[in-house]
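Working notes, beginning with the structure itself.
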Amino acid sequence: MPLRTDEDQLTQAILALAGKYGRYGNRRITVLLRDAGWLVGKDRVRSSASEGRGESLTQNWASNQGMQDTGKSIFDEQYTVIAVKSDRLLVKGIFSGEVLTIINNDLGAPLRQGDYPPGKLIALTDPSTEPLN
């Protein structure tokens, strides 16, 4: 496969991949571009991302998700259930894509697959804001 070197097309390819794979950083985007036949290094990818968007790839992802410097927490998002075991629940954020493991410390009340089927939407509650019993 011949190596591709056209600068304008390379910049467009970098920005397209950054938009498609928002959480990927410079190195991961570089690997994707090399796999596609581009002759490119991670510094070139970082440079194009900065010129094209005015920020790094990971800063762009965070700002797109609304989670950067906004004071948002894990309690400001909805999650889908990925997996459940008796002592833990694995969930993925709808907007952030962040995967969390929630540990069940109450061994007398194990988590059940029927209560948390994969794909179920849930929201987390901040225990510090709940009234005391």
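The values are calculated or read from the model by the stated rules, or taken from the named source; none is laboratory data. Everything quoted here is computed from the prediction, not taken from an experiment. Positions of Cβ are backbone-derived with ideal geometry, glycine not excepted, and every protein chain shown enters the neighbour counts.
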Checklist outcome for this item: Flagged pairs (Cβ under 8 angstrom, 6 or more apart or on separate chains; first in region 20-43, under 14 Å from Asp6 (Cα atoms); second of a type in the set (Lys, Arg) and outside any helix (DSSP H, G or I)) are Ala36/Arg4; Gly37/Arg4; Trp38/Arg4; Leu39/Arg4
Item to check | Pick from region 81-111, criterion within 23 Å of the chain's Cα centre (by Cα) and charged (D, E, K, R), ranking: nearest to Leu124 (Cα to Cα) | outcome: Lys92
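Looking for whichever is modelled with pLDDT of 80 or more, over 20 Å from the mean Cα position of the chain (by Cα), outside the structural domain of Leu124 (by TED's automatic domain parsing) and of a type in the set (Ser, Thr, Tyr) here; the options are Thr11, Thr30. Which one fits?
Values: Thr30 fails: over 20 Å from the mean Cα position of the chain (by Cα).
Just a single option satisfies the conditions, and that option is Thr11.
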Item to check | Residue count, region 84-100 (criterion: touching a Phe, Trp or Tyr at 6+ places or on another chain (Cβ under 9 Å) and under 20 Å from Pro110 (Cβ atoms)) | outcome: 4
Checklist entry - modelled with pLDDT under 60, within 30 Å of Pro127 (Cβ to Cβ) and touching a Phe, Trp or Tyr at 6+ places or on another chain (Cβ under 9 Å), is that true of Gln78? => result no
